[in-house]
Amino acid sequence: MAADEEKTKKAASVNPMEVTVDTATMKMLAKAQAEGIETIFDRAKTMKPCNIGVEGICCKNCSQGPCRLPLTKKIREGVEEDNRMGLCGATPETIAARNFARMVAAGSAAHSDHGRGVAEVFLAAARKETEDYTIKDTKKLLQIAPDFDVAITVQEGDEEVPRDIFDIAEEVGEKALGEWGKQNGEILYAKRAPQPRYELWKKLGVIPRGIDREIVEIMHRTHMGVDQDYENLVAQCTRAALADGWAGSMIATDLQDVMFGTPYPTHGQINLGVLEQDKVNIVVHGHEPLLSEMIVVAVQDPEMIEYAKSKGANGIVLAGMCCTANEILVRHGMPIAGNYLQQELAIITGALEAMVVDVQCVMENLTNVAACYHTKIITTNPKAKIASGDAIHIEFDEHHALEDAKRIVKTAIDNFQNRKSEVMIPSEKETMVVGFSYEAINYHLGGTFRGSFTPLNENIINGRIRGIAGVVGCNNARTIHDSSHLIVVKELLKNDVIVLTTGCNAMACGKAGLLTPEAAAVYCGPGLAEVCETVGIPPVLHMGSCVDNSRILMAATEVVKAGGLGNDISEVPVAGCAPEWMSEKAISIGQYFVASGVYTVFGVTLPVTGAPVFQNHLFNELEDIYGGMWDLIEDPYEMAAKMIAHIDKKRQALGIDKARERVLMDMADRQKLEAV
Ligand code: XCC
């Protein structure tokens, strides 16, 4: 037995029924246990998290520590004065704020570096340096060009004529890439926010300069002995987070749309049951769609399909995992094998020829699990290699992307004949309707002739829809897989709150059948059900991957623009949450939603609870500054209840609370009549 195999084959201990609500996951965990394979679910049981780290009050920013400042019961209850401090005198507030800021920096860096990679490939496509990528959605290009101050027409004699698309794209690409290194000024997309929001940011001095600059500045400020004022640190968190949401992520979304197409509603399938016993199975996992877009092309190549057949397979299945999955799903309807906590399980089916990973959310343990099967783990990004086990690295280069993709697909096909363990693919797979970019929402709710958010606003004003919730974020092995996601979403739907989703929440909803128009009749309150049934949309709208949370910002902005629901995002009856978050990116997302005016609730834990004064700043004082604030609620029912209470508070402030009462009475009357 190889060393890696040995490492993984430890006695497993969890009860599959207790750690997930997804039956496919239960079945695969049972298979893992029968085969003696340890997964993250087992380690979450045997390895307890550090209770000081969980509260955010361990400082390891210099070698005199780590200084750990546990919050005692007496301090918490106010019986004892809080005079905790590290060796240098750093207070719990400073320590927790610095740790929090570094999470924002890492999260913003991850999204934004993804965006940078996209911008680089976009520029190569615009300059026709690569044959594999091109400009697909010219309408979107023309729509975003003015935001970069790029002209879309040129003067020819007396006439103003449309400018060459590739010239426009090149200038947009250059300007976009310039957003990272800008030393002064403002990120260009800040002006996309509602005017009062932009003015507020300006007044507060939090509009990001360049993306890289704000992230670097967090790293500087949190170095030993620099910024020791938690409020000042939080202002810098805002700059770096806005640089993520309104620049790095938003540019990633937009340029991906221009290159690969803006998502419009399409069908897809989800869960481990999308893998097929008699076919070559390839899973693309991570976040960046640059390579996976090419793999989508490669697996459809007749030559590749013939090659698979020559090896005894009946074809090729390409499925996604995590946000790479969302990207190829919303644009091409490619199936999804599962969300974050299912990555090891795809290998445990015994039917996976290759897992092709790019960046973010890729567990190192994949190689240990793969060592027990025939699966090849293929890393593709120079920034993300795996030292454990036998990962192979096939580096992806945009200049010969399709060639790289074909090499990867061929490697998978060659591996088909090496299957060794018993193959067991769970039967679970659900159908879903996905691909609700804000452009698509505009179109669907507004109708063919008059794309607009007005009908959505009207239904919020008349009370059929109570409000809007963004439910996003990861899975977390410290909670029951998918459970909180589904409870929160179902509670919101029951109370007529329409849900916008991305990331692993979107996948949890997909697996549970919530992403179908038919779900409206089953899960929604009468008002929301009526709207969804009339328009023919699911009550939970899948908007894409984690970087596509920028689409939620734009949707909220469109709601403000459509009128009748206040002048700023903070006035709209909207709330956000991440019930099972785990990634640093989630913290950056949370901070940009808060700074954009949204009440944002996180589940599980939040590393601020050991510093009550800092926590109070985030949870309460930020509301006075931004109109949005953080919250931490572990119980998903309570989480939904508080989001609904916030939505109702906003409805009341807008003076539309009575309308809802009337609409509900109408409905009750109608139902009574129908019953008669
Ligand atoms: Fe990763 Fe984006 Fe989190 Fe899922 S949700 S665990 S970050 S894949 Ni964004």
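Worth pointing out:
- Top-ranked residue in the stretch 648-676 [being touching a residue at least 40 places away in the same chain (Cβ under 8 Å) and surrounded by fewer than 15 Cβ atoms within 10 Å (Cβ to Cβ); ranked as nearest to Asn495 (Cα to Cα)]: Glu661
- Lone qualifier among Met304, Met355 - being of a type outside the set (Asp, Glu) and either on the phi > 0 side of the Ramachandran plot or buried (at least 24 other Cβ atoms within 10 Å of the Cβ) (or both): Met355
- Being in contact with a Pro (Cβ under 6 Å, 6 or more places away or on another chain) and away from the ligand (no atom under 16 Å from the Cβ) is a description that applies to Leu445.
- Filtered residues of the stretch 327-356 (kept if within 12 Å of the ligand (Cβ to nearest atom) and either at pLDDT 95 or above or hydrophobic (A, V, I, L, M, F, W, C) (or both)): Ile336, Gly338, Asn339, Tyr340, Leu341, Gln342, Gln343
- Candidates Val547, Val540, filtered to the one that is buried (at least 24 other Cβ atoms within 10 Å of the Cβ), under 13 Å from the mean Cα position of the chain (by Cα) and either at pLDDT 95 or above or farther than 30 Å from Arg197 by Cα (or both): Val547
- Condition met for Ile316 (touching a strand residue (DSSP E or B) at 6+ places or on another chain (Cβ under 7 Å), among the aliphatic types (A, V, I, L, M) and farther than 30 Å from Leu123 by Cβ): yes
- Test set (1) within 16 Å of the ligand (Cβ to nearest atom); (2) of a type in the set (A, V, I, L, M); (3) surrounded by 24 or more Cβ atoms within 10 Å (Cβ to Cβ); (4) farther than 30 Å from Ala653 by Cα - Ile589 fails condition number: (4)
- Annotation: of all residues in the stretch 480-520 being assigned to a helix (DSSP H, G or I) and touching an Asp or Glu at 6+ places or on another chain (Cβ under 7 Å), the one that is surrounded by the fewest Cβ atoms within 10 Å (Cβ to Cβ) is Ala520.
- Considering each residue of the stretch 437-458 in turn, at least one proves to be assigned to a loop (DSSP other than H, G, I, E, B) and in contact with a strand residue (DSSP E or B) (Cβ under 8 Å, 6 or more places away or on another chain).
- Consider the stretch 497-550 and keep the residues that are within 16 Å of the ligand (Cβ to nearest atom) and β-branched (Val, Ile, Thr). The one that is farthest from Val284 (Cα to Cα) is Val499.
- Meeting the requirement of 1 or more residues that are out of contact with any helix residue (DSSP H, G or I) (no Cβ under 8 Å at 6 or more places or on another chain) and among the hydroxyl-bearing types (Ser, Thr, Tyr), no strands (runs of 3 or more DSSP E) wholly within the stretch 286-359 can be named.
The values are calculated or read from the model by the stated rules, or taken from the named source; none is laboratory data. Keep in mind that what you see is a predicted model, and the values were worked out from it rather than measured. Don't worry about glycine lacking a Cβ; one is built from the backbone with ideal geometry, like all the others, and counts go over all protein chains shown.
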